[in-house]
Amino acid sequence: MTATLDGEIRGGRHHMQVRVYFEDTDSGQIVYHANFLRFMERGRTNYLRLLGTNQQALLEEAGNDAPGFAFVVRSMTIDFLKPAVLDDVLDVVTLPQEVKGASIDLLQECRRGSDLLVMARVRVAFVAGGRAQRIPRTLRLAMEAHR
C-alpha cells in the first residue's frame with residue numbers, strides 16, 4: 001500500500017504520522033496527555049479506512065448486517081513513557097492483536113523515531129442498537145487479512 005494522509009499498512013501494522021502543533025501542547029510546549037488519545041483514535045479510524053479496496057462498500061455491507069453499528073472503546077491501558085514536544089513528528093502505530101466475536105484487541109504506540117513515547121492496549125467493541133454484536137464477516141475478514 002502507498003502512504004496517504006491516512007497512513008499505510010506495512011507488515012500488518014498501520015503507521016500514521018502526526019505533527020505536534022501548539023494546540024496539542026500545554027504551557028510548557030509538551031503534548032498534553034489526553035491528546036495522545038486523540039492521536040490514537042485517528043490511528044484506529046484510519047486503520048479501518050485503509051482495510052479493503054473499497055472502504056465505503058465494506059462499511060455499507062457491514063451496515064446491512066448490523067444497522068447503526070459503531071466501534072466503541074471498551075477498555076484501555078496506557079503507559080506514558082516519554083514526552084513529545086512542539087513540532088515533533090510522531091508515528092502512531094496500530095497493530096491488531098486478536099479479533100474476537102464482538103471485539104478487537106489492539107496494541108497502539110506513539111513513537112518519535114526509534115523512541116517509544118506512549119504504549120496502549122485497547123479493546124474496541126462492535127455495537128449496534130446499543131448492544132455488543134458479533135463483528136460482521138466482511139469486516140472480520142478484512143482485519144484478519146492484514147494481520
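The values are calculated or read from the model by the stated rules, or taken from the named source; none is laboratory data. Note that the coordinates shown come from a computational prediction; the quantities given were computed from them, not determined experimentally. Positions of Cβ are generated from backbone atoms using ideal geometry, with glycine treated the same way; all protein chains shown enter the neighbour counts. Quick note on the areas: whole protein, heavy atoms, side chains included, nothing else; ligands and nucleic acids left out. Shrake-Rupley method; radii C 1.70, N 1.55, O 1.52, S 1.80 Å.
Could you tell me which of the residues 48, 81 is open to solvent by 20 Å² or more (accessible area, probe 1.4 Å), of a type in the set (A, V, I, L, M, F, W, C) and modelled with pLDDT of 95 or more?
None of the others qualify; the one that does is 81.
Across segment 11-23, the number of residues qualifying as at pLDDT below 90 and surrounded by 12 or more Cβ atoms within 10 Å (Cβ to Cβ) comes to 0.
Can you go through 111, 121 and tell me which one is surrounded by fewer than 16 Cβ atoms within 10 Å (Cβ to Cβ), in a strand (DSSP E or B) and under 17 Å from the mean Cα position of the chain (by Cα)?
121
Residues in segment 96-111 include at least one that is modelled with pLDDT of 95 or more and more than 16 Å from residue 45 (Cα to Cα). Among residues of segment 70-99 that are more than 30 Å from residue 22 (Cβ to Cβ), those with a Cβ under 7 angstrom from a residue that is open to solvent by less than 60 Å² (accessible area, probe 1.4 Å) and of a type in the set (S, T, N, Q), sequence gap 6+ or separate chain, pair up as 74/103.
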